[in-house]
1. Considering only residues that are of a type in the set (Ser, Thr, Tyr) and free of Cβ contacts under 8 Å to residues at least 40 places away in the same chain, look in the range A:61-87 and name the one that is nearest to RNA strand B (Cβ to nearest atom).
2. Among (1) loosely packed, with under 12 Cβ neighbours inside 10 Å; (2) in contact (Cβ under 8 Å) with a residue 60 or more places away in the chain; (3) of a type in the set (A, V, I, L, M), where does A:ALA12 come up short?
3. Return the only residue of A:ALA275, A:ALA316 being assigned to a helix (DSSP H, G or I), modelled with pLDDT under 95 and in contact with an Asp or Glu (Cβ under 9 Å, 6 or more places away or on another chain).
4. Inside the range A:402-427, can you point out the residues that are surrounded by fewer than 20 Cβ atoms within 10 Å (Cβ to Cβ), basic (Lys, Arg) and within 16 Å of RNA strand B (Cβ to nearest atom)?
5. Can you give me the number of residues within the range A:344-366 that are assigned to a helix (DSSP H, G or I) and not aromatic (Phe, Trp, Tyr)?
6. So which residues in the range A:237-256 are open to solvent by less than 10 Å² (accessible area, probe 1.4 Å) and among the β-branched types (Val, Ile, Thr)?
7. Of A:ASP90, A:ASP104, which residue is more than 16 Å from A:SER8 (Cα to Cα), open to solvent by 60 Å² or more (accessible area, probe 1.4 Å) and more than 6 Å from RNA strand B (Cβ to nearest atom)?
8. Which of the residues spanning the range A:428-456 are exposed (fewer than 15 other Cβ atoms within 10 Å of the Cβ) and among the basic types (Lys, Arg)?
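The values are calculated or read from the model by the stated rules, or taken from the named source; none is laboratory data. The structure presented is a predicted model; accordingly, all values stated were derived computationally and were not measured. As a convention, Cβ positions derive from the backbone with ideal geometry for all residues, glycine included, and neighbour counts pool all protein chains shown. Surface accessibility is based on the protein's heavy atoms, side chains included, excluding ligands, DNA and RNA. Shrake-Rupley method; radii C 1.70, N 1.55, O 1.52, S 1.80 Å.
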Amino acid sequence: MSEFPTISSLAAHEGQTVTLRGWLYNIRSSGKLLFPTFRDGTGTIQGIVPKAAVPEEVFETLKNLQLESSLTVTGKVRADSRAPSGYELDVQDIHVISAVSSDDPFPITLKEHGVDFLMEHRHLWLRTPRQSAILRVRATIMRAAAEYFDTNGFIRTDPPILTPNACEGTSELFEMDYFDNDKAYLTQSGQLYVEATALALGKVYSFGPTFRAEKSKTRRHLTEFWMIEPEVAHLELNGLMDLAEAFITHIVTRVLESHRTDLKTIGRDIAKLEAVIANPATEPGAPGSAASSPHLGGGATDPSLLSSRSAAEGSASRFPRLSYDEAHAMLDAAYKAGKLENPHKYGDDFGSPDETYISSQFDKPVLVHRYPAAIKAFYMQPDPDDPTKALCLDVLAPEGYGEIIGGSQRVDSYDLLKSRIEDHNLPLAAFQWYLDLRKYGSVPHAGFGMGIERAVAWLCGLDHVRETIPFARTLNRIYP
RNA sequence: UCCUGAGUAGCUCAAUGGCAGAGCAUUCGGCUGUUAACCGAAGGGUUGUAGGUUCGAGUCCUACCUCAGGAGCCA
């Protein structure tokens, strides 16, 4: 394959004659000069074709070629300060693999298009530099997320996608027939199942698609999205917060390491991401920092994940942490100062404008913990210091990107969990296996879920999650 | 589900109730350093659908369809 170097690697081929495989991204002309721009999925490079320097056939072929025709192009790599990438290609020869017809030209032009048109042509929109850059960053985020857990002693245990019942009994689920008499539902969270695998293996995570049939029509919602969900036996809320912070820090670090060019293509303000991981003095969760425990069977605990509350609130804490009460007080003060349109009612969940305001007060993600139990899921452990609060956690991304992580310590008492299920009018029989986890050697445990697409939207600075996934599924769209 | 807004050329958009327009794209012509190149010309329309008001409707009215943004709910 080395005979076809990628465009991203051309700096190493300066002065050499190379043959690239790619597509015609754009072409301009000036009399007897052609300026074709080629792309190959790794980048773009502008070629230059003086009529006098190439065979007549090469000049005429290129001059009449439609955008997105596939081809191989041979030319000499030359550094040029006028080129955006720093290099140009002095074209010597081309070979057209497949020519696009001028009767039906490539629909995505370099001009602006509307959202509907672009989404209808998503399969072709992906070829544009910005969309390709986003998908590269997405791939790194997914890899870094899995890598964090893989290198810290977690075992990946993926839960089923077809489930027999509602996990939390709240969200709208996609329903389907399961053979003769049963209904099946697409999973809305693997959490209940990773609780089971966590009690088997200690530290686990799942990573897969998740489905919500809610009719949400906003820039933050997809009906199908990817979620990564760690679950850890013997972990309590403060350790969970440490884990979330180290996890996010690792992902941001990886993105900054290898995607500065892509982030620039996307138009991301990189300084905002650098601020998230600033203060490198403490790096408790980075891979290789001896945080992982080699064996976590039985009752072993991982000291790195069991920091006490006082430790969590000490100097090691780099992301701001607010209790629900503190966040409410902040919103209350903001409303009284005229910075918020509507008051936040104590006891209610935070609305979108509330989350935006809270996160705008910091340049790092904010951890909000201990929400009122009444507005949270049935499986969340009550706070022993104030049983009206749940030992839960939301992570709000900066710049108004909202909730990217939600998690909690889980109820570990059989009796309490059973009464919670009954209070929520959930079918006890369907949850018997879940109750078994509390019957046989229950321990405190905790976990969270991070929505990949919201994380990608935040890290790339996108205003809509539909650009964060190759083919977004939304309320009104399931094509292409 | 609710609220708001938008549907006119392949795309992005103009058009006081009075002849259907521009830029890009396509085709033809011009230009030896273009950066969404530029200059000239040509072709390209059932104005989302169905009714209604009017001498006359892209424009006003009614219903419906599609899409977008927001709310609720959530990651």
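1. A:SER81
2. All conditions are met except number (2).
3. Only one candidate qualifies: A:ALA275.
4. Once the filter is applied, which keeps residues that are surrounded by fewer than 20 Cβ atoms within 10 Å (Cβ to Cβ), basic (Lys, Arg) and within 16 Å of RNA strand B (Cβ to nearest atom), the range A:402-427 yields only A:ARG420.
5. Residues meeting the conditions: 8.
6. A:ILE248, A:THR249, A:ILE251, A:VAL252, A:VAL255
7. Among A:ASP90, A:ASP104, only A:ASP104 is more than 16 Å from A:SER8 (Cα to Cα), open to solvent by 60 Å² or more (accessible area, probe 1.4 Å) and more than 6 Å from RNA strand B (Cβ to nearest atom).
8. A:LYS439
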